[in-house]
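The next block holds one structure in the form of C-alpha cells; read it before the comments.
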Amino acid sequence: MEYSRKFKQHVRSRIAFIESGQYKNVFGRQAVRVAYITTGETPEYRETRRKAMVNWTREVLKEKNMESWSSLFYFGSLVFDEIYETGFFTDALWFRPDLDDPIRLFAS
C-alpha cells in the first residue's frame, strides 16, 4: 500500500512537470513519453509489478480526469541480466494504461 501511494504521487509529479511547461524547457521538445521498466527474478513478479504500475497510473489519470494522457505512459518488464538481449526499443513489449495488448515503444 505504501509503494502504491508513493508511485501514484510520482505519476502526479510527472503530470505536474509536463503541465508546468518545464518538460519542454528541460528537454527542448513538446512531445512526451514516460517509460517505466520493472525487473525481477521471476516472470510472475515482473508481470505483477508491471500490471500494478499500469493500474496505479490508470487510477491517477482517472482521478484527474486525464484519461486522454494514457498514451504518454509506457510500462515494460525485463530480466535484468538479459537487458542487452531484449528488444525493448524495437519489439512490442510495452503496455499503456489504455491498451490491453503490448505495443512498441517507438513507432517505425
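Every number here is computed from the coordinates shown, using simple stated rules; none is lab data. Keep in mind that this is a model prediction, so the values were computed, not measured. Methodologically, a virtual Cβ is constructed for each residue, glycine included, from the backbone with ideal geometry; neighbour enumeration extends over all protein chains shown.
Tabulated data for the structure shown
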{"read-out": "Checking Thr86 against (1) outside any helix (DSSP H, G or I); (2) touching a residue at least 24 places away in the same chain (Cβ under 8 Å), the condition it does not meet", "value": "(2)"}
{"read-out": "When residues of region 24-43 are limited to those that are in a strand (DSSP E or B) and aliphatic (A, V, I, L, M), the one farthest from Tyr84 (Cα to Cα)", "value": "Val34"}
{"read-out": "Unmet criterion (only one of (1) surrounded by 16 or more Cβ atoms within 10 Å (Cβ to Cβ); (2) within 21 Å of Lys6 (Cβ to Cβ)) for Leu78", "value": "(2)"}
{"read-out": "Every pair of residues 6+ apart whose Cβ atoms lie under 7 Å, when the first sits in region 1-23 and is within 12 Å of Trp69 (Cα to Cα) while the second is among the polar types (S, T, N, Q) and part of a helix (DSSP H, G or I)", "value": "Val11/Thr57"}
{"read-out": "Qualifying residue in region 44-66 (condition: charged (D, E, K, R) and assigned to a loop (DSSP other than H, G, I, E, B))", "value": "yes"}
{"read-out": "Enumeration of residues in region 50-86 that are small (Gly, Ala, Ser), closer than 14 Å to Ile37 by Cα and more than 10 Å from the chain's Cα centre (by Cα)", "value": "Ala52, Ser77"}
{"read-out": "Residue within region 43-65 that is within 14 Å of Arg14 (Cα to Cα), in contact with an Asp or Glu (Cβ under 9 Å, 6 or more places away or on another chain) and crowded, with 19+ Cβ neighbours inside 10 Å present", "value": "yes"}
{"read-out": "Scan of region 14-34 for residues that are surrounded by 13 or more Cβ atoms within 10 Å (Cβ to Cβ) and within 23 Å of Phe89 (Cβ to Cβ), ordered by number", "value": "Arg14, Ile18, Tyr23, Val32, Val34"}
